[in-house]
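See structure below.
The values are calculated or read from the model by the stated rules, or taken from the named source; none is laboratory data. Every value quoted in this text rests on a predicted model; they were computed, and no experiment measured them. No Cβ is skipped: glycine too gets one built from the backbone with ideal geometry, and neighbour counts run over all protein chains shown.
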Amino acid sequence: MTQQKTVLITGASGGIGRELAFQFAKDGYQLVLVARSEKRLQQLAEELTPAPVAIKVKDISSPEGVYELVNDLKAENIKVDVLVNNAGFGLYGEFTETSIDEELNMIDLNIKTLTLLTKLLIPSMMKNKTGHILNVASIAAFQPGPLMAVYYATKAYVLSFSEALENELQGTGVGVSVLCPGPTETGFSDRANLEQSKLFKDNVMDAASVAKIAYEGMKQKKSLIIPGMKNRLLTIVVRLLPRKTVTKVVRNAQERS
């Protein structure tokens, strides 16, 4: 009898994380859903019935929150087979005018939390010679992003880290995929104050479609998953153009209409 696998999804209360929960549930996974909103997690757990769901109401933007989460897993004897590092947020505006406290919190969540949680959960995967890590980056990872300078830089880290880790883990039985979606209908644009940005006016994908592509790509053990033909072409074009040209184009796309 095959043992039921467990997936842990951070930032599971909305957007891509929420939709990924449905993808894993359809395949019979046990789900550990992590977010700060108990109400939204409870609602999601009800929608996922009869899938087995454990909700963890945690603020994992600090190392203390991450260690608390992992200690809870150990105490409850929950072995994570798949880790989805989805939690993160962005902030719109010129660097000289944005809140440094919010940007430092963004760096903590987008980079430090992802790195620490991966570090803490990989050993058991390697011991069992099976497992997968799905990190959520963005097509923002492929170029500098004026008006969202810190956010773009955090996603560049996620992409670079994921690709390097995938190489290091070859032959261990543990896979790594990095998801790089373009503009997507989630709560992200509201949180980042991007509602009026030209970037979110056209060609915005829905979270359910992105999640399905991400899940299928992970099952196929793809190291890099970029939903949407336009987004895939964009990541190729930016490698061919001069960096200053790319930066100007990105700024124009991000400016509010």
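Scanning the range 201-257 for residues that are under 15 Å from P144 (Cβ atoms), assigned to a helix (DSSP H, G or I) and hydrophobic (A, V, I, L, M, F, W, C) returns L234, V237, V238, V246, V249, V250, A253. In this structure, I133 does satisfy being of a type in the set (V, I, T) and touching a strand residue (DSSP E or B) at 6+ places or on another chain (Cβ under 7 Å). For S162, the conditions (1) more than 16 Å from the chain's Cα centre (by Cα); (2) crowded, with 23+ Cβ neighbours inside 10 Å are fulfilled apart from (1).
Scanning the range 138-149 for any residue that is in contact with a Ser or Thr (Cβ under 9 Å, 6 or more places away or on another chain), outside any strand (DSSP E or B) and either basic (K, R) or closer than 21 Å to P63 by Cβ (or both) turns up nothing. For the condition free of Cβ contacts under 8 Å to residues at least 40 places away in the same chain and either in a helix (DSSP H, G or I) or buried (at least 21 other Cβ atoms within 10 Å of the Cβ) (or both), D108 does not qualify. When we screen V53, V57, V66 for residues that are touching a Ser or Thr at 6+ places or on another chain (Cβ under 9 Å), among the hydrophobic types (A, V, I, L, M, F, W, C) and crowded, with 20+ Cβ neighbours inside 10 Å, the only hit is V66.
What about V204, is it surrounded by 13 or more Cβ atoms within 10 Å (Cβ to Cβ), modelled with pLDDT under 95 and over 20 Å from the mean Cα position of the chain (by Cα)? It is false that V204 is surrounded by 13 or more Cβ atoms within 10 Å (Cβ to Cβ), modelled with pLDDT under 95 and over 20 Å from the mean Cα position of the chain (by Cα). I need the full set of residues from the range 209-252 which are surrounded by fewer than 17 Cβ atoms within 10 Å (Cβ to Cβ) and of a type in the set (G, A, S), in order please. The answer is S209, S223. If I filter the range 111-137 down to residues being more than 13 Å from the chain's Cα centre (by Cα) and in a loop (DSSP other than H, G, I, E, B), which single residue comes out as surrounded by the most Cβ atoms within 10 Å (Cβ to Cβ)? That would be T130. Taking residues in the range 37-49 that are over 10 Å from F22 (Cα atoms), and partners anywhere that are not aliphatic (A, V, I, L, M), the pairs with Cβ atoms closer than 7 Å and at least 6 places apart or on different chains are S37/S13; R40/S13; R40/G14; L41/S13.
Let's see how each residue does on (1) within 14 Å of K58 (Cβ to Cβ); (2) surrounded by fewer than 17 Cβ atoms within 10 Å (Cβ to Cβ):
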site: T6; (1), (2): no, no
site: T10; (1), (2): yes, no
site: G15; (1), (2): no, no
site: F22; (1), (2): no, no
site: D27; (1), (2): no, yes
site: L31; (1), (2): no, no
site: S37; (1), (2): yes, yes
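Which pairs do you get when a residue that is within 15 Å of N86 (Cβ to Cβ), found in the range 201-225, comes within reach of a residue that is part of a strand (DSSP E or B) and of a type in the set (G, A, S), reach meaning Cβ atoms under 8 angstrom, with the pair 6+ apart or on two chains? Within 8 Å, the pairs are A214/S177; G217/S177; M218/G175; M218/S177; I225/S177.
Restricting attention to the range 169-201 and to residues that are surrounded by fewer than 16 Cβ atoms within 10 Å (Cβ to Cβ) and at pLDDT 95 or above, the residue that is nearest to N252 (Cα to Cα) turns out to be Q170.
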